[in-house]
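The values are calculated or read from the model by the stated rules, or taken from the named source; none is laboratory data. Just so you know, these numbers come straight off a predicted model, no measurement behind them. Positions of Cβ are backbone-derived with ideal geometry, glycine not excepted, and every protein chain shown enters the neighbour counts. For the accessible areas, the whole protein counts, side chains as well, though only heavy atoms, and no ligand, DNA or RNA atoms are used. Shrake-Rupley method; radii C 1.70, N 1.55, O 1.52, S 1.80 Å.
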Amino acid sequence: MRPSPLSSPHLNPNLLGLGLSATLAINERSQELIAQGRRIFKLGLGQSPFPVPPVVVEALRAAAPEKDYVHVRGLRSLRETVTEFLHRRHGIERQRRQVLVGPGSKELIFLTQLAYAGELLVPSPSWVSYAPQARIIGRRVTWLPTEREQRWKLSPDTVDAHCTASPGLPRLLILNYPGNPTGVSYTEEELAALAAVARRHQVLVISDEIYADLDHAGRTASIAHHYPEGTIVSTGLSKWCGAGGWRLGVFSFPEELEWLCAAMAVIATETFTSVSTPIQHAAIRAFQGGPEIEGYLAHCQRILGALGRQCHATLTAAGLLMPEPDGAFYLFPDFEPHRERLAARGVTTSAQLAEKLLDELGVAVLPGSAFGRPSRELTLRLSYVNFDGAAALAAAEGGTAIDAAFLRRHCPDTLEAMDRIAGWLQA
Ligand SMILES: Cc1ncc(COP(=O)(O)O)c(C=O)c1O
(Lines give C-alpha, C1' and ligand atoms only; values in the text may rest on other atoms or scores of the structure.)
Protein backbone atom coordinates (compact mmCIF):
# COMPACT_ATOMS: atom_id res chain seq x y z
CA MET A 1 0.00 0.00 0.00
CA ARG A 2 1.27 3.46 -0.83
CA PRO A 3 1.86 5.71 2.20
CA SER A 4 -0.69 8.47 2.72
CA PRO A 5 0.43 11.84 1.33
CA LEU A 6 -0.03 13.13 4.90
CA SER A 7 2.44 10.67 6.45
CA SER A 8 6.12 10.93 7.35
CA PRO A 9 7.59 9.12 4.29
CA HIS A 10 6.92 12.42 2.53
CA LEU A 11 9.29 14.32 4.77
CA ASN A 12 11.94 16.22 2.81
CA PRO A 13 14.81 13.68 2.77
CA ASN A 14 17.31 16.42 3.67
CA LEU A 15 15.67 16.56 7.10
CA LEU A 16 16.13 12.88 7.86
CA GLY A 17 18.31 12.37 10.92
CA LEU A 18 18.26 16.04 11.93
CA GLY A 19 17.13 16.52 15.55
CA LEU A 20 16.26 19.55 17.61
CA SER A 21 19.26 21.90 17.70
CA ALA A 22 21.57 20.52 20.43
CA THR A 23 21.54 23.72 22.47
CA LEU A 24 17.76 23.81 22.65
CA ALA A 25 17.54 20.11 23.50
CA ILE A 26 19.85 20.42 26.53
CA ASN A 27 17.84 23.37 27.76
CA GLU A 28 14.62 21.37 27.59
CA ARG A 29 16.22 18.44 29.47
CA SER A 30 17.48 20.84 32.15
CA GLN A 31 13.99 22.34 32.51
CA GLU A 32 12.56 18.85 33.01
CA LEU A 33 15.04 18.12 35.79
CA ILE A 34 14.36 21.49 37.41
CA ALA A 35 10.62 20.68 37.32
CA GLN A 36 11.48 17.45 39.19
CA GLY A 37 13.09 19.58 41.90
CA ARG A 38 16.75 19.01 40.94
CA ARG A 39 19.28 21.84 41.29
CA ILE A 40 20.69 22.42 37.82
CA PHE A 41 23.68 24.51 36.79
CA LYS A 42 22.74 25.71 33.35
CA LEU A 43 25.97 25.87 31.38
CA GLY A 44 24.29 24.57 28.23
CA LEU A 45 22.61 27.51 26.56
CA GLY A 46 24.68 30.31 25.05
CA GLN A 47 22.65 33.27 26.18
CA SER A 48 23.92 36.61 27.51
CA PRO A 49 23.30 36.90 31.26
CA PHE A 50 23.08 40.69 31.09
CA PRO A 51 19.91 42.76 30.73
CA VAL A 52 19.29 44.85 27.61
CA PRO A 53 20.70 48.38 28.25
CA PRO A 54 17.88 50.56 29.64
CA VAL A 55 18.23 53.17 26.87
CA VAL A 56 17.53 50.45 24.32
CA VAL A 57 14.53 49.12 26.28
CA GLU A 58 13.23 52.68 26.41
CA ALA A 59 13.62 53.04 22.64
CA LEU A 60 11.61 49.84 22.16
CA ARG A 61 8.88 51.10 24.47
CA ALA A 62 8.65 54.37 22.54
CA ALA A 63 8.48 52.50 19.22
CA ALA A 64 5.66 50.14 20.23
CA PRO A 65 3.06 52.03 18.11
CA GLU A 66 5.18 51.52 14.95
CA LYS A 67 3.01 48.95 13.23
CA ASP A 68 3.73 49.09 9.51
CA TYR A 69 5.67 46.64 7.40
CA VAL A 70 8.93 48.28 6.40
CA HIS A 71 11.57 47.83 3.69
CA VAL A 72 12.63 44.22 3.29
CA ARG A 73 16.30 45.14 3.81
CA GLY A 74 15.44 46.99 7.02
CA LEU A 75 14.80 50.62 7.98
CA ARG A 76 17.15 52.87 6.06
CA SER A 77 18.24 54.63 9.25
CA LEU A 78 19.05 51.27 10.86
CA ARG A 79 21.13 50.21 7.87
CA GLU A 80 23.03 53.51 8.06
CA THR A 81 23.52 53.23 11.80
CA VAL A 82 24.85 49.67 11.51
CA THR A 83 27.33 50.76 8.83
CA GLU A 84 28.52 53.60 11.09
CA PHE A 85 28.73 51.22 14.08
CA LEU A 86 30.93 48.79 12.15
CA HIS A 87 33.14 51.67 11.06
CA ARG A 88 33.33 53.39 14.45
CA ARG A 89 33.81 50.34 16.66
CA HIS A 90 35.39 47.85 14.27
CA GLY A 91 37.19 49.91 11.63
CA ILE A 92 35.20 48.22 8.85
CA GLU A 93 34.84 50.45 5.80
CA ARG A 94 31.97 49.93 3.41
CA GLN A 95 31.61 52.15 0.35
CA ARG A 96 27.85 51.80 0.40
CA ARG A 97 25.42 51.22 3.24
CA GLN A 98 24.69 47.73 2.05
CA VAL A 99 23.04 46.02 4.98
CA LEU A 100 20.39 43.34 5.30
CA VAL A 101 18.41 43.13 8.55
CA GLY A 102 16.95 39.76 9.48
CA PRO A 103 15.13 38.01 12.33
CA GLY A 104 18.41 36.90 13.92
CA SER A 105 21.77 36.39 12.24
CA LYS A 106 21.02 32.66 12.21
CA GLU A 107 18.29 33.26 9.64
CA LEU A 108 20.59 35.45 7.56
CA ILE A 109 23.27 32.73 7.55
CA PHE A 110 20.60 30.32 6.36
CA LEU A 111 19.52 32.73 3.60
CA THR A 112 23.12 33.02 2.43
CA GLN A 113 23.42 29.27 2.18
CA LEU A 114 20.15 29.14 0.28
CA ALA A 115 21.17 31.90 -2.13
CA TYR A 116 24.79 30.87 -2.70
CA ALA A 117 25.21 27.52 -4.41
CA GLY A 118 28.56 26.54 -2.95
CA GLU A 119 30.20 24.07 -0.63
CA LEU A 120 30.16 25.06 3.04
CA LEU A 121 33.54 25.13 4.78
CA VAL A 122 33.53 25.27 8.57
CA PRO A 123 36.34 24.74 11.04
CA SER A 124 35.88 21.87 13.47
CA PRO A 125 34.76 22.79 16.10
CA SER A 126 32.14 25.34 15.01
CA TRP A 127 28.76 26.56 16.18
CA VAL A 128 26.01 23.92 16.04
CA SER A 129 23.78 25.39 13.32
CA TYR A 130 26.01 26.09 10.30
CA ALA A 131 26.24 22.48 9.11
CA PRO A 132 22.59 21.45 9.73
CA GLN A 133 21.49 24.53 7.74
CA ALA A 134 23.62 23.34 4.82
CA ARG A 135 22.17 19.85 5.13
CA ILE A 136 18.59 21.16 5.10
CA ILE A 137 19.35 22.96 1.86
CA GLY A 138 21.29 20.00 0.44
CA ARG A 139 24.72 21.66 0.28
CA ARG A 140 27.95 19.79 0.73
CA VAL A 141 29.67 20.42 4.09
CA THR A 142 33.39 20.11 4.72
CA TRP A 143 34.69 20.30 8.27
CA LEU A 144 38.21 21.72 8.23
CA PRO A 145 40.40 20.24 10.97
CA THR A 146 41.91 22.36 13.74
CA GLU A 147 43.91 21.35 16.80
CA ARG A 148 43.60 22.12 20.47
CA GLU A 149 47.35 22.78 20.61
CA GLN A 150 46.80 25.56 18.04
CA ARG A 151 43.93 26.93 20.17
CA TRP A 152 41.43 25.38 17.74
CA LYS A 153 42.26 28.01 15.12
CA LEU A 154 41.89 27.38 11.44
CA SER A 155 45.21 27.52 9.62
CA PRO A 156 45.49 29.12 6.17
CA ASP A 157 47.36 26.03 4.95
CA THR A 158 44.35 23.84 5.74
CA VAL A 159 42.05 26.07 3.68
CA ASP A 160 44.62 26.27 0.91
CA ALA A 161 45.12 22.51 0.75
CA HIS A 162 41.38 21.88 0.57
CA CYS A 163 40.77 24.46 -2.16
CA THR A 164 43.85 23.47 -4.17
CA ALA A 165 42.68 19.85 -4.28
CA SER A 166 39.67 20.85 -6.41
CA PRO A 167 40.22 24.41 -7.58
CA GLY A 168 37.71 26.86 -8.96
CA LEU A 169 34.63 25.65 -7.09
CA PRO A 170 32.26 28.04 -5.30
CA ARG A 171 32.81 27.86 -1.55
CA LEU A 172 31.48 29.60 1.54
CA LEU A 173 33.71 29.74 4.62
CA ILE A 174 32.14 30.72 7.94
CA LEU A 175 34.63 32.02 10.44
CA ASN A 176 33.43 32.92 13.93
CA TYR A 177 35.52 34.85 16.45
CA PRO A 178 35.47 35.18 19.38
CA GLY A 179 34.31 31.66 18.76
CA ASN A 180 31.48 29.50 19.91
CA PRO A 181 32.39 26.92 21.33
CA THR A 182 35.99 27.88 22.19
CA GLY A 183 35.92 31.57 23.16
CA VAL A 184 39.04 31.97 21.03
CA SER A 185 39.73 34.87 18.67
CA TYR A 186 42.20 35.49 15.86
CA THR A 187 44.87 38.18 15.60
CA GLU A 188 44.97 40.62 12.66
CA GLU A 189 48.02 38.75 11.32
CA GLU A 190 46.22 35.41 11.38
CA LEU A 191 43.18 36.93 9.70
CA ALA A 192 45.38 38.59 7.06
CA ALA A 193 46.89 35.17 6.25
CA LEU A 194 43.43 33.54 6.02
CA ALA A 195 42.24 36.46 3.89
CA ALA A 196 45.10 35.95 1.42
CA VAL A 197 44.11 32.31 0.91
CA ALA A 198 40.41 33.16 0.65
CA ARG A 199 41.19 35.81 -1.98
CA ARG A 200 43.44 33.46 -3.94
CA HIS A 201 40.69 30.85 -4.15
CA GLN A 202 37.82 33.36 -4.36
CA VAL A 203 36.11 31.91 -1.30
CA LEU A 204 33.06 33.78 -0.02
CA VAL A 205 33.47 34.47 3.70
CA ILE A 206 30.87 35.11 6.39
CA SER A 207 32.71 36.68 9.28
CA ASP A 208 30.41 35.75 12.15
CA GLU A 209 31.17 38.57 14.59
CA ILE A 210 28.13 38.07 16.80
CA TYR A 211 30.47 38.03 19.86
CA ALA A 212 32.92 40.66 18.58
CA ASP A 213 31.71 43.30 21.05
CA LEU A 214 32.22 40.82 23.89
CA ASP A 215 35.94 40.46 23.28
CA HIS A 216 37.24 40.61 26.84
CA ALA A 217 39.95 43.12 25.98
CA GLY A 218 37.89 45.11 23.46
CA ARG A 219 39.95 43.86 20.48
CA THR A 220 38.39 44.37 17.05
CA ALA A 221 40.35 42.29 14.55
CA SER A 222 38.29 41.36 11.47
CA ILE A 223 38.95 39.46 8.27
CA ALA A 224 36.92 42.23 6.60
CA HIS A 225 39.95 44.51 7.13
CA HIS A 226 41.97 42.25 4.83
CA TYR A 227 39.45 40.80 2.38
CA PRO A 228 36.67 43.39 2.24
CA GLU A 229 35.42 42.45 -1.24
CA GLY A 230 34.68 38.83 -0.32
CA THR A 231 33.55 39.20 3.28
CA ILE A 232 30.06 39.55 4.70
CA VAL A 233 30.16 40.76 8.31
CA SER A 234 27.51 39.26 10.57
CA THR A 235 26.40 40.74 13.87
CA GLY A 236 23.20 41.51 15.75
CA LEU A 237 21.64 42.34 19.10
CA SER A 238 21.61 38.84 20.56
CA LYS A 239 24.90 38.66 22.41
CA TRP A 240 26.47 42.06 23.07
CA CYS A 241 23.10 43.69 23.73
CA GLY A 242 21.64 40.78 25.68
CA ALA A 243 18.61 40.65 23.39
CA GLY A 244 18.61 37.16 21.85
CA GLY A 245 14.85 36.89 22.14
CA TRP A 246 14.32 40.12 20.23
CA ARG A 247 15.54 38.32 17.11
CA LEU A 248 17.44 40.93 15.17
CA GLY A 249 20.57 40.21 13.16
CA VAL A 250 22.38 42.23 10.51
CA PHE A 251 24.69 41.45 7.59
CA SER A 252 26.97 44.08 6.09
CA PHE A 253 27.96 43.40 2.47
CA PRO A 254 30.71 44.86 0.30
CA GLU A 255 29.66 46.60 -2.90
CA GLU A 256 30.96 43.62 -4.91
CA LEU A 257 28.37 41.34 -3.28
CA GLU A 258 25.30 43.48 -3.97
CA TRP A 259 23.98 40.67 -6.20
CA LEU A 260 23.98 38.29 -3.24
CA CYS A 261 22.39 40.82 -0.90
CA ALA A 262 19.69 41.40 -3.54
CA ALA A 263 19.06 37.66 -3.92
CA MET A 264 18.75 37.22 -0.18
CA ALA A 265 16.36 40.18 -0.04
CA VAL A 266 14.19 38.38 -2.61
CA ILE A 267 13.98 35.31 -0.37
CA ALA A 268 13.25 37.56 2.60
CA THR A 269 10.38 39.24 0.72
CA GLU A 270 8.84 35.85 0.06
CA THR A 271 9.31 34.59 3.61
CA PHE A 272 9.58 36.93 6.62
CA THR A 273 8.82 40.22 4.76
CA SER A 274 10.62 42.45 7.26
CA VAL A 275 11.83 42.34 10.85
CA SER A 276 9.54 43.58 13.63
CA THR A 277 9.45 47.36 13.20
CA PRO A 278 9.63 48.35 16.90
CA ILE A 279 12.66 46.08 17.34
CA GLN A 280 14.34 47.80 14.40
CA HIS A 281 13.80 51.19 16.02
CA ALA A 282 15.28 49.92 19.28
CA ALA A 283 18.22 48.49 17.33
CA ILE A 284 18.96 51.95 15.93
CA ARG A 285 19.40 53.18 19.50
CA ALA A 286 21.61 50.20 20.35
CA PHE A 287 23.91 50.62 17.36
CA GLN A 288 24.10 54.40 17.85
CA GLY A 289 26.25 53.76 20.92
CA GLY A 290 27.17 56.62 23.23
CA PRO A 291 28.35 56.58 26.83
CA GLU A 292 25.54 54.34 28.15
CA ILE A 293 26.29 51.62 25.62
CA GLU A 294 30.07 51.95 25.81
CA GLY A 295 29.98 51.77 29.62
CA TYR A 296 27.66 48.78 29.52
CA LEU A 297 29.92 46.92 27.09
CA ALA A 298 33.09 47.67 29.04
CA HIS A 299 31.55 46.23 32.22
CA CYS A 300 30.16 43.14 30.46
CA GLN A 301 33.56 42.50 28.89
CA ARG A 302 35.41 42.87 32.19
CA ILE A 303 33.02 40.61 34.12
CA LEU A 304 33.10 37.90 31.45
CA GLY A 305 36.89 38.18 31.14
CA ALA A 306 37.48 37.78 34.88
CA LEU A 307 34.99 34.92 35.16
CA GLY A 308 36.39 33.15 32.09
CA ARG A 309 39.93 33.32 33.50
CA GLN A 310 38.75 32.03 36.89
CA CYS A 311 36.81 29.10 35.40
CA HIS A 312 39.74 28.31 33.12
CA ALA A 313 42.11 28.27 36.09
CA THR A 314 39.89 25.89 38.10
CA LEU A 315 39.44 23.45 35.24
CA THR A 316 43.11 23.61 34.23
CA ALA A 317 44.14 22.82 37.83
CA ALA A 318 41.84 19.78 37.60
CA GLY A 319 43.90 18.55 34.66
CA LEU A 320 41.63 19.60 31.79
CA LEU A 321 43.10 21.06 28.61
CA MET A 322 41.70 24.14 26.89
CA PRO A 323 42.72 27.57 25.63
CA GLU A 324 41.96 30.56 27.84
CA PRO A 325 39.05 32.41 26.23
CA ASP A 326 39.61 35.75 24.44
CA GLY A 327 35.95 36.70 24.38
CA ALA A 328 32.29 35.62 24.56
CA PHE A 329 31.32 33.23 27.39
CA TYR A 330 32.48 29.77 26.41
CA LEU A 331 35.12 27.26 27.42
CA PHE A 332 35.89 24.09 25.47
CA PRO A 333 37.73 21.75 27.86
CA ASP A 334 39.19 18.45 26.74
CA PHE A 335 38.99 15.68 29.38
CA GLU A 336 41.59 13.59 27.53
CA PRO A 337 44.03 13.35 30.51
CA HIS A 338 41.21 11.65 32.46
CA ARG A 339 40.27 9.22 29.68
CA GLU A 340 41.16 6.02 31.52
CA ARG A 341 39.40 6.93 34.73
CA LEU A 342 36.34 8.06 32.81
CA ALA A 343 36.30 4.83 30.81
CA ALA A 344 36.22 2.97 34.12
CA ARG A 345 33.03 4.91 34.87
CA GLY A 346 31.56 3.93 31.52
CA VAL A 347 32.31 7.24 29.76
CA THR A 348 33.99 6.98 26.37
CA THR A 349 32.21 9.67 24.31
CA SER A 350 31.51 13.37 24.77
CA ALA A 351 27.76 12.69 24.71
CA GLN A 352 28.11 10.19 27.60
CA LEU A 353 30.30 12.67 29.46
CA ALA A 354 27.68 15.43 29.08
CA GLU A 355 24.94 13.07 30.27
CA LYS A 356 27.01 11.99 33.29
CA LEU A 357 27.67 15.58 34.34
CA LEU A 358 23.97 16.37 34.13
CA ASP A 359 22.83 13.26 35.97
CA GLU A 360 25.50 13.10 38.68
CA LEU A 361 26.37 16.77 39.23
CA GLY A 362 23.37 18.63 37.84
CA VAL A 363 25.72 20.47 35.47
CA ALA A 364 24.20 20.98 32.00
CA VAL A 365 26.76 21.28 29.19
CA LEU A 366 27.00 20.38 25.50
CA PRO A 367 29.12 17.57 24.04
CA GLY A 368 31.95 18.44 21.65
CA SER A 369 30.30 16.14 19.09
CA ALA A 370 27.53 18.74 18.65
CA PHE A 371 30.23 21.10 17.31
CA GLY A 372 31.66 18.72 14.74
CA ARG A 373 34.25 16.96 16.92
CA PRO A 374 34.71 13.17 16.75
CA SER A 375 32.29 11.49 19.15
CA ARG A 376 35.09 9.77 21.13
CA GLU A 377 36.97 13.00 21.78
CA LEU A 378 36.16 14.05 25.35
CA THR A 379 35.47 17.73 24.73
CA LEU A 380 32.57 19.73 26.15
CA ARG A 381 31.27 23.25 25.70
CA LEU A 382 30.60 25.14 28.89
CA SER A 383 28.75 28.49 28.83
CA TYR A 384 29.77 30.36 31.94
CA VAL A 385 26.64 32.49 32.11
CA ASN A 386 24.82 30.89 35.01
CA PHE A 387 24.63 34.05 37.10
CA ASP A 388 22.45 37.10 37.72
CA GLY A 389 23.86 39.44 35.10
CA ALA A 390 21.70 42.38 36.20
CA ALA A 391 23.07 42.26 39.77
CA ALA A 392 26.66 41.75 38.61
CA LEU A 393 26.37 44.62 36.14
CA ALA A 394 24.85 46.95 38.74
CA ALA A 395 27.71 46.16 41.14
CA ALA A 396 30.33 46.80 38.46
CA GLU A 397 28.60 50.04 37.47
CA GLY A 398 28.57 51.02 41.13
CA GLY A 399 32.37 50.84 41.15
CA THR A 400 32.90 47.43 42.84
CA ALA A 401 36.24 45.99 41.76
CA ILE A 402 35.90 42.90 39.60
CA ASP A 403 38.13 40.54 41.55
CA ALA A 404 37.88 37.09 43.12
CA ALA A 405 35.53 38.38 45.84
CA PHE A 406 33.26 39.94 43.20
CA LEU A 407 33.05 36.64 41.32
CA ARG A 408 32.35 34.67 44.51
CA ARG A 409 29.58 37.10 45.38
CA HIS A 410 27.98 37.53 41.96
CA CYS A 411 28.73 34.32 40.05
CA PRO A 412 28.62 31.68 42.81
CA ASP A 413 26.72 29.05 40.82
CA THR A 414 29.08 29.22 37.86
CA LEU A 415 32.08 28.84 40.18
CA GLU A 416 30.37 26.01 42.05
CA ALA A 417 29.70 24.18 38.80
CA MET A 418 33.43 24.37 37.99
CA ASP A 419 34.31 23.14 41.50
CA ARG A 420 31.83 20.29 41.15
CA ILE A 421 33.43 19.16 37.88
CA ALA A 422 36.92 19.42 39.41
CA GLY A 423 35.83 17.51 42.54
CA TRP A 424 34.10 14.82 40.49
CA LEU A 425 37.29 14.23 38.51
CA GLN A 426 39.29 13.81 41.69
CA ALA A 427 36.77 11.44 43.33
C1 LIG B 1 28.36 31.67 16.65
C2 LIG B 1 26.94 32.09 16.57
N3 LIG B 1 26.49 32.65 15.43
C4 LIG B 1 25.22 33.03 15.29
C5 LIG B 1 24.32 32.87 16.33
C6 LIG B 1 22.88 33.27 16.07
O7 LIG B 1 22.53 34.41 16.72
P8 LIG B 1 21.15 35.17 16.41
O9 LIG B 1 20.38 34.38 15.43
O10 LIG B 1 20.47 35.27 17.73
O11 LIG B 1 21.58 36.50 15.83
C12 LIG B 1 24.72 32.31 17.54
C13 LIG B 1 23.77 32.09 18.62
O14 LIG B 1 23.96 31.35 19.53
C15 LIG B 1 26.08 31.91 17.65
O16 LIG B 1 26.54 31.37 18.79
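Give the relative contact order (percent, whole number) for the range 74-117; include only Cα pairs under 8 Å separated by 6+ residues. Working shown, then result.
Numbers: 20 pairs, mean separation 16.4, N = 44.
About 37 percent, as a whole number.
Of the chymotrypsin sites (Phe, Trp or Tyr not before Pro) in the range 1-109, which ones lie in a loop per DSSP and count no more than 15 other C-beta atoms within 10 Å? Mind showing how you got there, number by number?
Details: sites: Phe41, Tyr69, Phe85; in loops: Tyr69.
In loop regions of the range 1-109 (DSSP not H, G, I, E or B), the sparsely surrounded chymotrypsin sites (Phe, Trp or Tyr not before Pro) are Tyr69.
With charges set only on the Cβ (+1 for Lys and Arg, -1 for Asp and Glu), what does the dipole of the range 252-332 come to about its Cα centre, in debye to the nearest 20? Could the numbers behind the result be given before it?
Working: 3 positive and 8 negative charges, 94 e Å.
Here the range 252-332 has a charge dipole of around 460 debye.
So for the range 216-262, averaging the separation of alpha carbon pairs under 8 Å that are six or more residues apart and normalising by length, what relative contact order in percent results?
Working: 44 pairs, mean separation 15.7, N = 47.
Here the relative contact order equals 33 percent.
For Glu84, project a label point 7 Å along Cα to C-beta. Then give me every residue of the range 96-135 with its amide nitrogen under 19 Å of that point.
Of the residues in the range 96-135, 96-101 have backbone N under 19 Å from the label point off Glu84.
What range in the chain is the longest one free of GluC sites (Glu not before Pro) that are in a loop by DSSP and have at most 12 other Cβ atoms within 10 angstrom? Each step should come with its number before you reach the end.
Numbers: sites that count: Glu93, Glu147.
Here the longest segment lacking exposed loop sites spans 148-427.
Work out, step by step, the length gained on full extension between Ile267 and Ala391: first 0.36 nm times the residue separation, then minus their alpha carbon distance; give nm to one decimal. Walk me through the numbers on the way to the answer.
On the way: separation 124, 0.36 × 124 = 44.64 nm, distance 4.17 nm.
Length gained between Ile267 and Ala391: 40.5 nm.
Between the DSSP loop rule and a limit of at most 11 other Cβ atoms within 10 Å, which trypsin sites (Lys or Arg not before Pro) in the range 18-90 are left?
Values: sites: Arg29, Arg38, Arg39, Lys42, Arg61, Lys67, Arg73, Arg76, Arg79, Arg88, Arg89; in loops: Arg38, Arg39, Lys67, Arg73.
Answer by residue number: Arg39, Lys67.
Calculate how large, on average over all directions, the projected area of the Cα convex hull of the range 105-165 is; give the answer in nm² to one decimal. Working shown, then result.
On the way: hull surface 18.1 nm².
Over all viewing directions, the range 105-165 projects a mean Cα-hull area of 4.5 nm².
Let me know the charge dipole size of the range 157-205 about its Cα centre in debye, to the nearest 20, where only the beta-carbon of Lys, Arg (+1) and Asp, Glu (-1) is charged. Mind showing how you got there, number by number?
On the way: 3 positive and 5 negative charges, 53 e Å.
Computed charge dipole of the range 157-205: roughly 260 debye.
Between Arg97 and Ala317, with labels modelled 7 Å along Cα→Cβ, what's the label distance in nm to one decimal, could you check?
5.2 nm
Take the Cα of Ser129, step 7 Å along the line toward its Cβ, and report every residue of the range 241-273 whose backbone nitrogen sits under 12 Å from that point.
Counting only backbone N, you get 244-250.
Let a ≥ b ≥ c be the square roots of the eigenvalues of the Cα gyration tensor of the range 103-260; is it rounded (a/c under 1.5), or, if not, prolate (a/b larger than b/c) or oblate?
On the way: a/c = 1.40, a/b = 1.14, b/c = 1.23.
It comes out rounded by the Cα gyration axes.
Quick one: 3J(HN,Hα) in Hz for the range 243-252, Karplus 6.51/-1.76/1.60 with θ = phi - 60°, rounded, Gly and Pro as x.
Ordered by residue, 3J(HN,Hα) equals 10, x, x, 7, 6, 9, x, 9, 10, 10 Hz.
Pairs of alpha-carbon atoms within less than 8 angstrom and 6+ residues apart define the contacts here; what relative contact order does the chain have, in percent?
About 22 percent, as a whole number.
In deg cm²/dmol, rounded to 500, what helix-only [θ] at 222 nm does the chain give when every DSSP H run of at least 4 residues adds -39500 (n - 2.57) and the total is split over its residues? Show your work: numbers first, answer last.
Numbers: 15 runs with 177 residues, N = 427.
Theoretical 222 nm ellipticity from helices: -13000 deg cm²/dmol.
Using DSSP H assignments, which helices in the chain have an axial alpha-carbon span of 24 Å or above and a mean Kyte-Doolittle hydropathy of -0.5 or higher? Please report the intermediate quantities before stating the final value.
Numbers: long enough: 291-317 (39 Å, 0.06).
Length and hydropathy pass: 291-317.
Using a 1.4 Å probe on the protein heavy atoms only, what accessible surface does Arg219 show? Give it in Å² to the nearest 10.
About 120 Å², ignoring ligands and nucleic acids.
Determine the gain in length on full extension of the stretch Glu28-Arg76; use 0.36 nm per residue of separation and subtract their C-alpha separation, reporting nm with one decimal. Don't skip to the end; give the middle numbers.
On the way: separation 48, 0.36 × 48 = 17.28 nm, distance 3.82 nm.
Stretched fully, the Glu28-Arg76 segment lengthens by 13.5 nm.
Select from the range 319-348 those trypsin sites (Lys or Arg not before Pro) which occupy a DSSP coil region and have at most 15 other Cβ atoms within 10 Å, ordered by residue number.
Working: sites: Arg339, Arg341, Arg345; in loops: Arg345.
Those satisfying the criteria are Arg345.
Taking the simple approach of a point 7 Å from Cα along Cα-to-Cβ for both Glu292 and Asp403, what is their distance in nm?
Result for the modelled spin labels: 3.2 nm.
At Glu360 and Thr164, where each label point lies 7 Å from the Cα along Cα→Cβ, what is the point-to-point distance in nanometres?
4.6 nm
Convex hull over the alpha-carbon atoms of the range 1-139: what's its volume per residue in Å³? Spell out each step's value before the answer.
Details: hull volume 35.5 nm³, N = 139.
About 256 Å³ per residue, rounded to a whole number.
Output the Kirkwood hydrodynamic radius of the range 290-427, Cα pairs only, in Å rounded to one decimal. List each step's numbers first, then the result.
Details: mean 1/r = 0.0634 Å⁻¹.
After inverting the pairwise mean of 1/r, the radius is 15.8 Å.
Ratio of the chain's C-alpha Rg to 2.2 N^0.38 Å, to two decimals?
Details: Rg = 21.6 Å, N = 427, 2.2 N^0.38 = 22.0 Å.
Against the empirical 2.2 N^0.38 Å value, I get 0.98 for the chain.
Counting only protein heavy atoms and using a 1.4 Å probe, what share of the accessible area of the chain belongs to carbon plus sulfur, as a whole percent? Intermediate values should be presented prior to the final figure.
Working: 9460 of 17600 Å².
That share works out to 54 percent.
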